[in-house]
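Here the structure comes first, spelled out in structure tokens, and everything after it is commentary.
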RNA sequence: GCGGAUAUGGCGUAAUUGGUAGCCGCGCUAGAUUUAGGAUCUAGUGCCGUAAGGCGUGUGGGUUCGAGUCCCUCUAUCCGCACCA
């Protein structure tokens, strides 16, 4: 009986399915373990061999944890709202739901073939109303909450209203867009609409005019993480900055907690670093520069903050204030209008118009130094000097106060600007040379700096800060780069906002009337008047009031899905208290790095919000996170002689004028082209001729992204048919460390497949399953215990490649020992089962066990047996290892030394002399110095 | 520019965490079996050398009886952030 993987895999997949082997329930008698994969977006292309890498790893770990006695939650679902299905709908008119369902079905089929242990009863789809009801629900809660900076948590908006009614806004320290100062009486005198407008400033989900990334081609706004280098991540279309009225989530209020939380979770340093960069905390001061009287237009009354004629800037280098030689405002800054003098007005206007025309992409592409003098001056608060105020687009309106103090000697951007416009540069650090470039490092001793002279930079920063707060020149302030997340998308295929408009102000639909189901539309395009597709829906109103026309972005549905898996069918709550308190959070999360600044930030924010309002018990959603590497494609090329249909082999291509063409990797083996299949591949190659090299046609190769258009996609279904799911699983793990990216290489798969067949044959004699009931020998037991120990520690450290190797070594050794004993096979079956569940299950049953192997428990290894029987310690002389020696485990070091020194091998090396030194490490003789 | 990571045979990788560098697999070489191919089995395979031996973990240095592993220098590659004041 050969190893018939197709029969075995089909049989057991059916059995697991029918017997609900992977059904999970709350079981308080066992410790829980929650293993989660980042759920996929079901694209039309289906899975390629790269996708399952993380899924295989999480499946192995889940099965292992189950064998270890944990109650393991291992669910799967689909992130089903999104642009591709909608783009397809726009082009074909087919409803995105149909496309999505079809794709999900295909994904499910492919996943099932790999033998994963998902509890499919818990499947979630973000596009189903039962699911997005809770996305909408969370939105309403955010809408009805504000962020209290004192308590550092979200609080109900009703508390804010109460405070306004009793004490006015003075006592409130809350995250907001714009401070409003009013007394309780003033609040009460305001109209409902005015009150709502003020409250909108505080809500965690709020509507505001914000600068957004507008992608005209996609017809929607995008979040910051969806834009890279001024192009949309999806599609690569240009994105411009535009002011629009949009929903946003006040993620920035959580910046510090998002930062602090990183210290409590086991993520890789690089991922934490990425998030730290994205949050971008910087400590500094906000300092006030008063305007020089002749520098302002006397006709405009000042409405600047603090009620004074001044500019507030943010700096992390308070120590360099003596070196400020000019100031710069962002072109969009609200200060600009106040400061520009009549003489400069025309020039400034022209400049601002020109910066507006430039997209962000252009600004990044050609870093031309541009700017214009405003005509105004400010007073340096430290030196009393008068400094000119400029306007330039190198200062960002969205960060800090949109205005900076420029210290050209110690900031490279200010330096470039100063050189370009001929502004003075004052060096402040002893001995630094600023004739060619600025000195940006935070080191050295201060000079030219009044009361800071003689201090080192860190000391000077501290002292300057002290001086500023003592003299009421400004405040100590922490700034974050993290912005609020723009939450509206002018698209169809997303969650509708549970919001209607009355008198121009938004109000939420009552929670008990959720879900607000996505309406039908005739087309998936914007309306003729430029409204989002929902503008086409009939009766899209609530109690006669118009409903919001935007939908939520992709990250809305993926932000709390891990909670829904805990209690997926609950119609009363996102997750029940009981389920949440049992499952708590994800113990192991596996997925790609591409979500570092998107999903993984939003999810953490969303979770913290739910924590604040008492829905969840854990502050962090994902305790441990592993980023699996990408599996790249290995493309092959053929070389066609230009103007002919003749193809020349790789080694000879330089003798001809050729063009390089991608060829389907599935008709290439070992870089050798199957010319017959090549001719059949496409009609135009039917008459192809070849110039061979040693009788073969060799292809060129390169590592590229796995993609349909590069003909380098390897489909897991094909591998499963040829080798079986168990081989694919083992091979993907064997390829290398989980976190590393690596090219797919079909060549090596034979080795792994051979191993499984060898293992199978070891327990089959003349076509029958055969195991011996004899007791195992010491050597056989040693092989077993060594393997258990190694595989266990490898799984626990997620080193699955070495675990597979260990198993292969084990089988080789058992073959050498001709061991086919039940006593050995039974535990081996269990430890193999996470990796190759089908063959393990088959052997398990052939051994006469009826219950499924997943209910067995992971075998223990016997440490003392291993120690007793693992001998051969290396013995070195003068640091050079000469031989291995069998030594007993002995605490008596003196006795050990004697044994070693007395041995004939040692005598040969020390040649009768007395050794100078004997070094013993961990109870073993290691080195003898002669 | 700032930050993170990596560097070992022809290739993917391993090294009990400071103790025989190259496990396991691919590939390659030779042989056995087979009508042939495939499959299987046996032996070999870091480099130089007929051999003895020597050299070897990106570079240069250091600590140590002993370094792929620890410290410093440089180099290369990959990733993240980037007019963030």
- Per the filter on region A:438-476, residues under 37 Å from the mean Cα position of the chain (by Cα) and surrounded by fewer than 18 Cβ atoms within 10 Å (Cβ to Cβ) are A:440, A:441, A:442, A:443, A:458, A:462, A:475, A:476
- Message: Checking the structure you have, find out if any residue of region A:660-667 is free of Cβ contacts under 8 Å to residues at least 40 places away in the same chain and closer than 29 Å to residue A:52 by Cβ.
- Response: yes
- Query: Which members of region A:770-816 meet the condition of being more than 9 Å from RNA strand B (Cβ to nearest atom), outside any helix (DSSP H, G or I) and surrounded by fewer than 17 Cβ atoms within 10 Å (Cβ to Cβ)?
  - Reply: A:770, A:772, A:773, A:774, A:775, A:777
- Message: Quick check on this structure: which one of A:763, A:759, A:755, A:734 is in contact with a strand residue (DSSP E or B) (Cβ under 9 Å, 6 or more places away or on another chain) and either closer than 30 Å to residue A:817 by Cβ or without any contact (Cβ under 8 Å) to a residue 60 or more places away in the chain (or both)?
- Response: A:763
- Item | Considering residues of region A:69-100 that are within 17 Å of residue A:23 (Cα to Cα) and surrounded by fewer than 24 Cβ atoms within 10 Å (Cβ to Cβ) only, the residue nearest to the chain's Cα centre (by Cα) | A:76
- Message: Checking the conditions here, which among A:145, A:158 is modelled with pLDDT of 95 or more and surrounded by fewer than 16 Cβ atoms within 10 Å (Cβ to Cβ)?
- Response: A:158
- Item | Within region A:386-417, tally of residues that are surrounded by 21 or more Cβ atoms within 10 Å (Cβ to Cβ) and away from RNA strand B (no atom under 13 Å from the Cβ) | 2
- Task: Please find, within region A:261-298, the residue that is modelled with the highest pLDDT out of those that are under 30 Å from residue A:335 (Cβ atoms), away from RNA strand B (no atom under 13 Å from the Cβ) and touching a helix residue (DSSP H, G or I) at 6+ places or on another chain (Cβ under 9 Å).
- Result: A:288
- Task: Check whether at least one residue in region A:819-827 is within 16 Å of RNA strand B (Cβ to nearest atom), out of contact with any strand residue (DSSP E or B) (no Cβ under 7 Å at 6 or more places or on another chain), part of a loop (DSSP other than H, G, I, E, B) and more than 15 Å from residue A:61 (Cα to Cα), and report yes or no.
- Result: yes
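Condition check ((1) more than 29 Å from the chain's Cα centre (by Cα); (2) within 11 Å of RNA strand B (Cβ to nearest atom); (3) farther than 30 Å from residue A:627 by Cα) across all residues:
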residue: A:687; (1), (2), (3): yes, no, yes
residue: A:690; (1), (2), (3): yes, no, yes
residue: A:695; (1), (2), (3): yes, no, yes
residue: A:706; (1), (2), (3): no, no, no
residue: A:712; (1), (2), (3): no, no, no
residue: A:722; (1), (2), (3): yes, no, no
residue: A:742; (1), (2), (3): no, yes, no
residue: A:745; (1), (2), (3): no, yes, no
- Spot the failing condition for residue A:697; the list is (1) touching a residue at least 40 places away in the same chain (Cβ under 8 Å); (2) within 30 Å of residue A:836 (Cβ to Cβ); (3) touching a strand residue (DSSP E or B) at 6+ places or on another chain (Cβ under 9 Å), and only one is missed. (2)
- Task: Return the residue satisfying two criteria in turn: it lies in region A:585-626 and is more than 30 Å from residue A:740 (Cα to Cα) and assigned to a loop (DSSP other than H, G, I, E, B), and of such residues it is nearest to RNA strand B (Cβ to nearest atom).
- Result: A:618
- Item | Tally of residues being surrounded by fewer than 19 Cβ atoms within 10 Å (Cβ to Cβ), touching a residue at least 12 places away in the same chain (Cβ under 8 Å) and assigned to a loop (DSSP other than H, G, I, E, B) across region A:540-559 | 2
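The values are calculated or read from the model by the stated rules, or taken from the named source; none is laboratory data. On a predicted model such as this, the values are computed, not experimentally measured, just so you know. Backbone-built Cβ (ideal geometry, glycine too); neighbour counts: all protein chains shown.
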